[in-house]
Amino acid sequence: MAELRESTTRASRGDAALGFVVASVLGQAAALAPERRTELRRAGLGHVVAVSGMNVAVAAALVQAPLLRAGLLLGGSLTLAAALAWLPVLAYLGVTGGEPPALRAAVMFGLSQAATLTGRPGHGLTALALTAAAMLAWRPAWALDPGLHLSLAAMAVLVHPQAPRGLVAQSWRVSFGTVPIVLVHFGQASLIGVLANVIAVPVFTLWVLPLGIAGLMATPWFGPEALRPAALGGQVVIDLAGVAARVPEPPWWSLAIVAAVGLVVRTTVRRATVLRWTPGVLPCAGVLAVVLSSAPGRPEGPPRAWVAIGGPRSAAVIVPAQDEASLACVRDPWLAPEAWPELLPALGFRGAARVTAPRSLPAAAAVQAELERAGMMFSGTCPEGPALKSLRAALADCQARTRQRRAVVRAGPDGTGAECWIDGAFAAGER
């Protein structure tokens, strides 16, 4: 498996479409150029280049019915039909090395297959609840895992008794149904991203994923050319991401409007043709609750003397500019470029005066380009920032208190000392 990943990653260098196939099917993000990954994230399609339980859940649900019918036609045996329906899921688990998100989706799918084999009446939501309970009993830490939450939400839409028929309608309902979870875990979601997923998810699940798995299996005999059929679909997703990433971002309240209209339609309209394209009540209510509770507002007070995000060895440091405190001087910005237009206003800055990364000039250039695109790049004089020794000590102390790989610390109220971000609020350090 390691040799397969290494050979396909090496063969895909310089070819964006092949890189997308390797990145999305195997979860090898390094096979795709950084600028392509940035476009995918900006378009709301970043999940397709990860081994996502949501992708496996959607793919399994879409292929189950046709493969069950094919098995019954070929041999007339329900066991053969169920075995055929298992093949795509098992193949995906094999080529990904059994990543946890894929395993979670496979457990959900296996329970539904077991019900089919035993002849017991099927109820998708009950099976989903039992699967979730079993997984949480096995590993309670998964209760906080965004991958599990997205997988459960996607499956809940697909196995609901009123789930719509048709690939495009299902993709739309699944994409919008996961928006509340994306907002809770990642703090942002885009209506453009939802619409892009309506096109990208079917292309990925019906084209890139099955042909990519078949191509990877055939690579030892036919070489990288075995991935060409899947790469054609990958090029479609890449082109879509490039277009969606350049579309002006709708205002933050656009999702709330769509959710409010969905609730009104759900409570007043009874026509099946209309309800087929209307998101469910729970997703609409969830979007409204999250968006309205986290609506952007004015920050409290001026920015602190400095803020650091990361660990003792590598941290992004944000310091107010000397001549204008509302502008930030950013050093070593390891976070994704598209995160900075949201992060700086949350910290009380209206933009950046300078972005520097001595050890990674491309990272600084990518963040600066993103801030320029958002109209948040200015000029100003930057101070030196906090002493490296004290900064490392504050980050190490915060890591020990939170037991997280990444810590968030800021200067104390008087500009000295440090406060650590714990459970949604800054707390004074113990040192």
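The values are calculated or read from the model by the stated rules, or taken from the named source; none is laboratory data. Here the structure is a predicted model, which means the values were calculated and not measured. As a convention, Cβ positions derive from the backbone with ideal geometry for all residues, glycine included, and neighbour counts pool all protein chains shown.
Some points to look at:
- For Q399, the test of being among the polar types (S, T, N, Q), over 15 Å from W306 (Cβ atoms) and at pLDDT 85 or above is passed.
- Filtering V264, V287 for residues that are within 30 Å of H160 (Cα to Cα), in a helix (DSSP H, G or I) and more than 21 Å from the chain's Cα centre (by Cα) leaves a single hit, V264.
- Some residue of region 259-277 being under 28 Å from L371 (Cβ atoms) and crowded, with 16+ Cβ neighbours inside 10 Å: no
- Qualifying residue in region 194-216 (condition: small (G, A, S), surrounded by fewer than 16 Cβ atoms within 10 Å (Cβ to Cβ) and either at pLDDT 85 or above or at positive phi (or both)): no
- Residues being in a loop (DSSP other than H, G, I, E, B) and either at pLDDT below 85 or within 23 Å of the chain's Cα centre (by Cα) (or both) - total across region 333-377: 11
- Of the residues M155, M217, the single one that is touching a residue at least 60 places away in the same chain (Cβ under 8 Å), farther than 26 Å from I257 by Cβ and in contact with a helix residue (DSSP H, G or I) (Cβ under 6 Å, 6 or more places away or on another chain) is M155.
- Scanning region 307-321 for residues that are loosely packed, with under 14 Cβ neighbours inside 10 Å and either modelled with pLDDT of 85 or more or part of a helix (DSSP H, G or I) (or both) returns no hits.
- Of all residues assigned to region 297-306, at least one qualifies as being modelled with pLDDT of 85 or more and either in a strand (DSSP E or B) or more than 24 Å from F20 (Cα to Cα) (or both).
- Any hit, region 231-241, residues being free of Cβ contacts under 8 Å to residues at least 12 places away in the same chain, of a type in the set (G, A, S) and assigned to a helix (DSSP H, G or I): no
- Selection of region 351-368 for residues being surrounded by 14 or more Cβ atoms within 10 Å (Cβ to Cβ) and not polar (S, T, N, Q) yields G351, A352, A353, R354, V355, A357, A363, A364, A366, V367.
- Answer residue from region 1-41, given it is outside any helix (DSSP H, G or I) and over 24 Å from the mean Cα position of the chain (by Cα) and is modelled with the highest pLDDT among those: G14
- Residues located in region 150-190, provided they are surrounded by fewer than 22 Cβ atoms within 10 Å (Cβ to Cβ) and charged (D, E, K, R): R165
- Subset of region 380-412 (residues that are out of contact with any helix residue (DSSP H, G or I) (no Cβ under 9 Å at 6 or more places or on another chain), loosely packed, with under 12 Cβ neighbours inside 10 Å and part of a loop (DSSP other than H, G, I, E, B)): E384, A387, R403
- Any pair with Cβ under 6 angstrom, 6 or more apart, that starts in region 283-294 at a residue that is assigned by TED's automatic domain parsing to the domain that holds V265 and ends at one that is aromatic (F, W, Y): P283/F176
- Taken over region 413-431, residues that are over 27 Å from the mean Cα position of the chain (by Cα) and modelled with pLDDT under 80 amount to 9.
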